[in-house]
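What follows is calculated from the coordinates using simple rules that are stated; it is not laboratory data. Every value quoted in this text rests on a predicted model; they were computed, and no experiment measured them. Neighbour counts run over all protein chains shown; Cβ positions are idealised from the backbone, glycine included.
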Amino acid sequence: MSTPTASCDGPPVYSPPMSIRPIVTLGDPRLRRHGERVRTFDKTLHRLLDDMIDTMRDAPGVGIAAHQVGVVLQVCVIEVEGHVHELINPRLVSRSGEETDLEGCLSVPGFYAYRARAERAVIEAQDRHGRKTRLVGSGLLARAMQHEYDHLQGELYLDALGPEADLIPAARLREADEAAAASTAAAGDPEALAAVE
Ligand code: ZN
């Protein structure tokens, strides 16, 4: 999943050798298949998970499903607030509340849309070693959990939007952000106001 605020700017940080895989985009039939269950928790799976994390960070995004790197398995990774969550064979066991916010997808680059999601979600899954794990999320984390879970069922976030839904180009969001920042700066700067007077 991607958000309009995700940014690759910032100070350089140490990064181990990276392996970034190409991201599959809208129209590729692999995005529409139901992911197969993982039965072997071996080096191949660990390599896939590591590559998915590198690919998600490079994009940048807050989550990615194996489908999006062309591997149709029940595997996704999410990174929100500095915490990486690896979910294998996930089951969405609980959802509650509702929240509508902007949402984007690395497989539908350059666009966002307002999408209603449950505000809180609980997923039961396995970790990279096959151990049972449980993830409880709210807000952005819950949104990413539901978005990635949908990918593993062969669904895209666009599917639930009505025919009238407005896909918003990323460039338009950036323009709106810059206009808001400029007016906030002018209003919050007494010297700027004094100069105008
Ligand atoms: Zn996506």
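Can you give the angle from 0 to 90° between the axis of helix 43-58 and the longest principal axis of the chain, with both taken from C-alpha atoms, to the nearest 10?
10
Could you order peptides 114-126, 79-91 by the average number of other Cβ atoms within 10 Å of their residues, highest first? Write down the numbers at each step before the final one.
On the way: 114-126: 18.6, 79-91: 16.3.
Order by mean packing, descending: 114-126, 79-91.
Under 10 Å from the Cβ of V122, count the other residues' Cβ atoms, weight Lys and Arg +1, Asp and Glu -1, and hand me the total.
Working: positive: R91, R95, R120, R134; negative: E124.
Net charge around V122: +3.
As a test of the formula, what do you get for the chain when each DSSP H run with n ≥ 4 contributes -39,500 (n - 2.57) and the sum is divided by the residue count, at 222 nm and rounded to the nearest 500 deg cm²/dmol?
Details: 4 runs with 55 residues, N = 197.
That calculation yields -9000 deg cm²/dmol at 222 nm.
Grab the other residues whose beta carbon is less than 9 angstrom from that of C76, score K and R as +1, D and E as -1, and report the net.
-2
Order 28-34, 138-144 from most to least packed using the mean count of other Cβ atoms within 10 Å.
138-144, 28-34
Given C-alpha coordinates of the stretch 75-131, what is the ratio Rg to Rh with the Kirkwood estimate of Rh? Please report the intermediate quantities before stating the final value.
Values: Rg = 13.4 Å, Rh = 13.2 Å.
Dividing the radius of gyration by the Kirkwood radius yields 1.01.
What whole number of Å gives the distance from the Cα centroid of the stretch 64-79 to the Cα centroid of the stretch 108-123?
16
Fewest Cβ neighbours within 10 Å first, please rank S2, S183, S19 accordingly.
By the 10 Å Cβ count, ascending, the order reads S183, S19, S2.
May I ask for the angle, rounded to the nearest 10°, between helix 140-152 and the longest principal axis of the chain, with both axes built from Cα atoms and the value confined to 0 to 90°?
Value to nearest ten degrees: 40.
Taking the Cβ of each residue in D51, D42, D101 as the centre, tally the other Cβ atoms inside 10 Å and list the residues starting with the fewest.
On the way: D51 19, D42 11, D101 15.
Lowest to highest Cβ neighbour count: D42, D101, D51.
To the nearest 10 degrees, how steep is helix 170-188 against the longest Cα principal axis of the chain, on a 0 to 90 scale?
On a 0 to 90 degree scale, this one is about 40.
What are the extents of the Cα atoms of the chain along their three principal axes, listed from largest to smallest and rounded to whole Å?
Dimensions of the chain along the principal axes of its Cα atoms: 71, 43, 32 Å.
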